[in-house]
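Reviewing the structure listed below.
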Amino acid sequence: MSEFLKRHGYRNLRMGKASILVDPRIVLACAMMAIVLAVIAAASLSAGSFHLALPDLARAVFDPQAVGTEQRHVVWDIRLPRIAMALLCGAMLGLSGAAMQSITRNGLADPGLIGVKEGAAVMVLSLVILAPQVGIVWRPLVGMIGGLVTATIVVVIARDMSRVRFILIGIGVSWLFSAAIAIFMTTANIRDVQTALIWLSGSLHAATWPLVIIASIWGCIGAIVLFATARASDVALLGNHTATGLGVNLPVLAFLRFLAPVVLTAASVSCVGSLGFVGLVAPHIARFLIGGNQMALLVSSALSGAALVFLADTIGRLAFAPLQIPAGIVMSMLGVPFFLILLWRRRDQL
């Protein structure tokens, strides 16, 4: 068996009793993606209406006390948390999309397309408007309740997550919650509407370190669940009978692989608002560029999602400066054509 794996490029890494099969080529490709993304993110720190030369930027990052208050504020209080939030939320949405497509065996699946984002948005918006004194730490929890309720409604109505009907029902439920948001927009106080519009558009301009920490905590929880169940998910793709025979508890696996994307998506929506189509597009980019098993797909989807949100935010921040376009709007402009292409390719299955 070991000779067979080596012949196909796999290596078995052992850490005590634990072991994992890795493909060095996939590891190298993911590492290159991460390095390129880190370099581009670092370069974007100097870009903006307040330009920073490279020496000043280096001092602001590595020796903040050596630069002026304004430079330190721009780098540490505005740009760094914004970039960190963009990368983090993009990775979370990429992970959620890859897991959702895997468990439903449907390339059109995405928590954003089954109403999870709208359900979370309604709950968070209600909390922000009706109880503004409540701390931001409660937003992800409230958003997860809304996301879980929405996902449960879709699953109960569809009954089968592996059919396109699951996606279509999810889109219908998301429209229902979107209508609820629209009713609020037309009846609420103008100040509340302005606050809601900025948040719902998926803007990252208000990113702060406390929000980054909250998103990181929930992102780590969801990612641990997905990576811990990646091997079982690979087995489940062989078919229910085969997976059961190999010892995979399919109901538990389905629950965890469905719960984790909802948690990741709700946490992202709670922190920065709606960033549409990231979970749909990122896994397809990951499969095209890297491929591989579930573990490789999760890593590459996280990197692809982080790159998509970061690029969308950078384009919105710089393309029409000093006017800033929210990343959610830019991402929707890129994602809608991609979604239509996928629907066209699957037109015979609808």
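The values are calculated or read from the model by the stated rules, or taken from the named source; none is laboratory data. Treat the numbers as computed from the prediction; the structure is a model and nothing was measured. Neighbour counts are summed over all protein chains in view; Cβ atoms, including those assigned to glycine, are modelled from backbone coordinates with ideal geometry.
Which residues, taken from the range 211-231, are at pLDDT 90 or above, farther than 14 Å from A86 by Cβ and not hydrophobic (A, V, I, L, M, F, W, C)?
G222, T229
Residue-by-condition table, conditions (1) touching a His at 6+ places or on another chain (Cβ under 8 Å); (2) among the aliphatic types (A, V, I, L, M); (3) farther than 29 Å from W175 by Cα:
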residue	(1), (2), (3)
S44	no, no, yes
H51	no, no, yes
R72	no, no, yes
A91	no, yes, no
M100	no, yes, no
K117	no, no, no
V124	no, yes, no
I145	no, yes, no
T150	no, no, no
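Can we say A327 is touching a strand residue (DSSP E or B) at 6+ places or on another chain (Cβ under 9 Å) and of a type in the set (G, A, S)?
No.
Need the failing condition index for V248 against (1) in contact with a helix residue (DSSP H, G or I) (Cβ under 6 Å, 6 or more places away or on another chain); (2) part of a helix (DSSP H, G or I); (3) of a type in the set (A, V, I, L, M), just the number.
The number of the failed condition is (2).
Considering only residues that are in a loop (DSSP other than H, G, I, E, B) and either more than 26 Å from L311 (Cβ to Cβ) or at pLDDT 80 or above (or both), which ones fall in the range 48-74?
Of everything in the range 48-74, those that are in a loop (DSSP other than H, G, I, E, B) and either more than 26 Å from L311 (Cβ to Cβ) or at pLDDT 80 or above (or both) turn out to be D63, V67, G68.
Just to be sure I understand, how many residues within the range 190-215 are surrounded by fewer than 16 Cβ atoms within 10 Å (Cβ to Cβ) and not β-branched (V, I, T)?
Total meeting the criteria: 7.
From the list V164, V154, V134, which one is of a type outside the set (D, E, K, R), free of Cβ contacts under 8 Å to residues at least 60 places away in the same chain and closer than 19 Å to R257 by Cα?
V154 is the lone residue from the list that is of a type outside the set (D, E, K, R), free of Cβ contacts under 8 Å to residues at least 60 places away in the same chain and closer than 19 Å to R257 by Cα.
Taking D160 as the residue in question, decide whether it is outside any helix (DSSP H, G or I) and either touching a Leu at 6+ places or on another chain (Cβ under 6 Å) or acidic (D, E) (or both).
yes
Inspect all residues belonging to the range 286-295 and state whether any of them is of a type in the set (V, I, T) and in a helix (DSSP H, G or I).
Looking for residues that are of a type in the set (V, I, T) and in a helix (DSSP H, G or I), one finds none in the range 286-295, hence no.
Looking at (1) more than 27 Å from T229 (Cα to Cα); (2) crowded, with 17+ Cβ neighbours inside 10 Å; (3) under 19 Å from the mean Cα position of the chain (by Cα); (4) of a type outside the set (V, I, T), which one does R317 not meet, given that it meets all the others?
Checking R317 against (1) more than 27 Å from T229 (Cα to Cα); (2) crowded, with 17+ Cβ neighbours inside 10 Å; (3) under 19 Å from the mean Cα position of the chain (by Cα); (4) of a type outside the set (V, I, T), the one that fails is (3).
Mind checking which pairs have a first residue in the range 338-350 that is under 13 Å from L280 (Cβ atoms) and a second that is at pLDDT 60 or above, Cβ under 7 Å, 6 or more apart or different chains?
From the range 338-350, the pairs are F338/F277; F338/V281; F339/F277; F339/L280; L342/G107; L342/L108; R346/L108.
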